[in-house]
Structure formats: C-alpha cells, structure tokens
Amino acid sequence: MMKINTLMSIINNEIPMHTAESWDNVGLLIGDTEREVTGILTALDCTMAVVTEAIEQNVNTIICHHPLIFSGIKAIQNHGYGEIIHALIKNEMNLIALHTNLDAHPKGVSAMIANQLELNNIEILLPDQTELCKLQIYVPNHHAQGLKEKLAATGAGKIGDYDHCFYSSKGHGEFRPLENAQPFVGNINEVHVEEELKVECVFEPHLKQQIIEVIHQYHPYETPAYEILTFTLPAQFGTGVKAHLPQPMMLSELAQLAKAKLSLDVVKWIGEDQRISTVGIIGGAGVSYMKDVQNKVDVLLTGDIKYHEAHDLMMMQLPAIDITHYSECVMKEGLKRLLDALIDVPVIASSVNTNPFNVY
Ligand SMILES: [Zn+2]
C-alpha cells in the first residue's frame, strides 16, 4: 500500500510540479497526505460522473488533467463545481491535477496525441529554457576533498543520474594578509603562495544560498575566493511536440487521419491543400504559439482555433488542423501507462466522455 504523500513524491520526480506554468494550479487539490491510495482513476476533467465512476470502481484517487479548483474560488456550495468538491470530500477521495506540467513532459499530452497518430521521431517542439549555476572555487589541496563532500551533500555536482560531479585543476594561489587579517596560512604583510585546486561543479539555482553557507562554513580561509556563474540552456521539457509522418501526405488526408485516429466528431483544417511531412502538436489550446511554430513544422495541430486566429494562420501560411481541445482525452490512457511503469497501485483510465460539445 502507498500513502498519498509517497505517490505525490513519485509523481513529482517524474512529472515535476515546478515545470507547470505559474498561473496553473497543479498537485494535490483535495485529499489527505496520510491516506492510503486504494487505486487511481485517470481523467481529463473531474466531473460528477467521473467521481461516481471512481466510487463504483473502488478507487479513492482521481488524477485529472484540468484542475477542478483553479483560481479565485469564493464558495463551495451544494451545486455547480461545489457539488463535485463536496462529493469528493464526503467520499474521502483524493484529487490530483497534472496540467501544464504534464503538457511540458517529453512524454506528455502532446506526445500522447502524436503516439495516437502513430507519428515518428517525437521531440519537444518549443523547449523551455532552464537556468543552471556553476561554482568555481579555489581551495588548498588538502581541504579540497572535505569541501567537495560538503558541497555534494547539498546537491551540488548532480548531473542526470550522477552525483558528486566535480572538475579539479592544480594551480597556485597567491595572497598577502594585511594588518587585521587572521590568515589560515601565511604571515601578515608577506606574500604567500599556496598549492591550491580550482574545483568546479554545477548546481540548481535554488541551492545557491545553501552552497554559499557551506563554503563559508567549511573553506579553511578567512576570505574564500570563488565565483558563481549563471547560464541558461534548453530544458528537457517544453511546449508541444514535433514529429514526422511515416510517409508525407496531403493536408486534407492528414485531417482525415486525425479525425479517425483521435475519434473526432468533426475536423476543421486551415490552409491550401499541400504536402505535409513534419507535424507540430500542441494539446489543448495552442494557437497563441503560432509565431513560434512557424517555419519549424509543415502543419500545426491544436484545439480551440477561433475564426480570426484561422485567418491569422492563413496570412502566415502556416497550415493548421483543429483537433479540438477534447483530443487531449488520450491522456487518460497515456497517463495510465506512465503511472503503471512507476507504481504498483491499480490505475484505471476513465471511460466517461467529458466533451461538453455535441454535434449533428
Ligand atoms: Zn486542456
């Protein structure tokens, strides 16, 4: 058995909450961190029918993509969204939202749509930028190992599946202690030369303060010499995916293929019919990224394209296919597969259709 807080830390390790957009509301929205997880239902939206399904399936945890509690909730009453919140609490259920952090994941919602379309070479379309810091510190030879251990204990020098990653180069440090100095080595008013190592390592920006404290606590010198540099690099997560069609096809054919593979009631496409080889997909509503996507792919697949946005796409000569926002429902099965690989708790994909639109 697994408690909610253990489940949350496993999820956070794989689909980090900090990769969500700042306006988003992800994580454990309703629940008890000490409660045992009896099973998980994955859903696109947490509607009353989804809560009923979870109760019938005997699972006490719902993981949905769209957050039920979003911004500025002022009252929880016995109708509307409040009724769903009441039902979750009354039935001792947990509700977790994985929204833009699941979008940003390399195997997230857009990649799940690409898999459903059986596309190849799936990669992040618009990688985010991430910041990394680098420490360069000069330390007497005999104290280098001890300092490295203290730095490593904070998380400095962790790269991918490796920790304690340092680079050291030999050199000579030179300094003259002045009247008020209390030097660890050397004499007042005499230039001293010491054999030192330049130790370098990278670390996450949030560790900076802790690392500075460790330096001042464990470096033997009264005034340790060091630099901390900050630089940006492409992240392993981002917006949308870019993928290849197994065979080039016409835009109209791709629209038909998307309609069939994504079980769409209707499909709308924008642009002159033309040959397509590379596809950009942004699950949900991604048309606001049209300028960033232009020239990167032959076509943009996203949902919620409005009339004037369709004209803008025409003007940019960026063909697009409106796969509807509800095409994100492939995340129910997709997230089940991701979770099955991580945990032993039973995971069920919701069979409730939460598409609010009906068409003739
Ligand atoms: Zn969405």
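Coordinate-derived values only; no laboratory data. In this text the structure is predicted, and so the values were computed from the model without any measurement. Backbone-built Cβ (ideal geometry, glycine too); neighbour counts: all protein chains shown.
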Q) Can you list the residues, at least 5 places off or on another chain, whose amide H is less than 5 Å from the amide H of Ala349, using H built in the peptide plane? A) Thr42
(Q) If every alpha-carbon in segment 107-206 counts as one equal scatterer, what log10 I(q)/I(0) does Debye give at q = 0.10, 0.16 1/Å? (A) -0.50, -0.83
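Residue separation times 0.36 nm, minus the C-alpha to C-alpha distance between Glu222 and Arg176: what's the value?
Details: separation 46, 0.36 × 46 = 16.56 nm, distance 1.25 nm.
Value of the extension gain: 15.3 nm.
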Q: For segment 275-353, run through the trypsin sites (Lys or Arg not before Pro) and keep only the ones in DSSP coil with at most 11 other Cβ atoms within 10 Å of their Cβ.
A: Lys306
Q.
Can you compute the FRET efficiency between Lys306 and Gln256 using 1/(1 + (r/R0)^6), with r the Cβ-Cβ distance and R0 = 25 Å? Round to the nearest 0.05.
A. 0.65
Q) Which ³J(HN,Hα) values, rounded to whole Hz and listed in residue order, are derived for segment 184-201 from phi using the Karplus coefficients 6.51, -1.76 and 1.60 in 6.51 cos²θ - 1.76 cosθ + 1.60 with θ = phi - 60°, glycine and proline given as x? A) 5, 9, x, 10, 4, 6, 10, 5, 10, 10, 10, 6, 10, 10, 8, 9, 10, 7
(Q) Let's see if you can work this out: charge +1 on each Lys and Arg Cβ, -1 on each Asp and Glu Cβ, no other charges. What is the dipole magnitude of segment 73-231 about its Cα centre, in debye to the nearest 20? (A) 380 debye
Q: Averaging over all projection directions, find the projected area of the Cα convex hull of the chain and quote it in nm² with one decimal place.
A: 25.0 nm²
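How far, in nm, would the chain grow between Asn13 and Asn353 when pulled straight, counting 0.36 nm per residue and subtracting the alpha carbon separation? Don't jump to the answer; show the numbers that get you there.
Details: separation 340, 0.36 × 340 = 122.40 nm, distance 2.97 nm.
Answer, rounded to one decimal: 119.4 nm.
Please compute the length gained on full extension between Asn295 and Ser169, using 0.36 nm multiplied by the number of residues separating them and subtracting their Cα-Cα distance. Each step should come with its number before you reach the end.
Values: separation 126, 0.36 × 126 = 45.36 nm, distance 4.45 nm.
Here the segment from Asn295 to Ser169 would lengthen by 40.9 nm.
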Q. Looking at segment 30-60, which GluC sites (Glu not before Pro) are in a loop (DSSP not H, G, I, E or B) and have at most 14 other Cβ atoms within 10 Å?
A. Glu34
**Q.** Derived scalar couplings ³J(HN,Hα) [segment 285-299; Karplus, 6.51 cos²θ - 1.76 cosθ + 1.60; whole Hz; x for Gly, Pro]
**A.** 10, x, 5, 5, 8, 4, 5, 6, 8, 3, 6, 9, 9, 7, 8
Q | Inter-label distance, nm, simple model (7 Å from Cα along the C-beta direction), Gln57/Glu83 | A | 2.2 nm
**Q.** Asp265/Ser288 FRET efficiency (R0 30 Å; Cβ-Cβ; nearest 0.05)
**A.** 0.80
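Please sort by residue number the GluC sites (Glu not before Pro) in segment 89-157 whose DSSP state is loop and whose Cβ has at most 13 other Cβ atoms within 10 Å. Numbers along the way, then the final one.
On the way: sites: Glu92, Glu118, Glu123, Glu131, Glu149; in loops: Glu92, Glu118.
Answer by residue number: Glu92, Glu118.
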